[in-house]
Amino acid sequence: NIEANNDESSIILREKEDRNEDEIYIQYISDLHLEFKLQDCMTQEDILYKIHKMCYQIISECYAKFLLINGDVCHDFELYTLFVKELKKIMYDMKKRIHFIFTLGNHELWEFPSMSLDEIISKYKLLLSQYDMYLLHDNILYYENLQMKEISPLELDMYNEEEARKYLNGKSPI
């Protein structure tokens, strides 16, 4: 269940009352557009405070093992990095275990007009991997033995559809 909230963050995650503890839940948020929510900030401290508040709200309202953060988080890579760092910090402070999975939107591409798409993807993938987070782009992520695992695009090229399905049988693709 998702509810719009234009005051502090674009999305509030609401806990599903009838959820089954044996199932794996995925929640998602999208189009955070941090740069617009932070445009009235006058100082670096203001920016950090607002990012902290948004991240705290996201983490505190997340009940799922997986949080998919769809694109258009921010077109400023420095702000994007602050957001990722703060998400991880608050998750640990709150003693939660959430697997963060990001996708890129058009806003994430704007800051790097001279870079190829592959270079941009690599840049974001590197950043996220430093915080034990994942970028979903032309790969398959799956959950096995309480761990996130990945089938890379190169590995996917080695399988036909039937072989890929067979490989993933019994695993929990995200």
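General remarks:
- Qualifying residue in segment 20-30 (condition: open to solvent by less than 50 Å² (accessible area, probe 1.4 Å), at negative phi and modelled with pLDDT under 90): yes
- Residues that are surrounded by fewer than 19 Cβ atoms within 10 Å (Cβ to Cβ) and in a helix (DSSP H, G or I), drawn from segment 103-119: 106, 109, 110, 117, 118, 119
- Residues of segment 31-50 satisfying the condition of being free of Cβ contacts under 8 Å to residues at least 40 places away in the same chain and open to solvent by less than 40 Å² (accessible area, probe 1.4 Å): 41, 47
- Residues in segment 137-148 that are at pLDDT 90 or above and in contact with a Phe, Trp or Tyr (Cβ under 7 Å, 6 or more places away or on another chain): 141 only.
- Scanning segment 123-174 for residues that are more than 28 Å from residue 89 (Cβ to Cβ), open to solvent by 80 Å² or more (accessible area, probe 1.4 Å) and not in a loop (DSSP other than H, G, I, E, B) turns up 154, 157, 158, 161, 162, 163, 165, 166, 167.
- Candidates 74, 55 - the one that is in a loop (DSSP other than H, G, I, E, B) and either within 15 Å of the chain's Cα centre (by Cα) or among the polar types (S, T, N, Q) (or both): 74
- Criterion (in a helix (DSSP H, G or I), of a type in the set (Phe, Trp, Tyr) and surrounded by 18 or more Cβ atoms within 10 Å (Cβ to Cβ)) met by exactly one of 100, 83: 83
- Residues satisfying the stated conditions in segment 94-113, i.e. polar (S, T, N, Q) and modelled with pLDDT under 95: 106
- The condition (being out of contact with any helix residue (DSSP H, G or I) (no Cβ under 8 Å at 6 or more places or on another chain) and within 21 Å of residue 62 (Cβ to Cβ)) is satisfied by just one residue among 81, 103: 103.
- Selected residue (only one of 89, 53 is touching a Cys at 6+ places or on another chain (Cβ under 9 Å) and surrounded by fewer than 19 Cβ atoms within 10 Å (Cβ to Cβ)): 89
The values are calculated or read from the model by the stated rules, or taken from the named source; none is laboratory data. Being a predicted model, the structure only gives us computed values, none of them experimental. As a convention, Cβ positions derive from the backbone with ideal geometry for all residues, glycine included, and neighbour counts pool all protein chains shown. These accessible areas exclude ligands, DNA and RNA; they are computed on the full protein's heavy atoms, side chains included. Shrake-Rupley method; radii C 1.70, N 1.55, O 1.52, S 1.80 Å.
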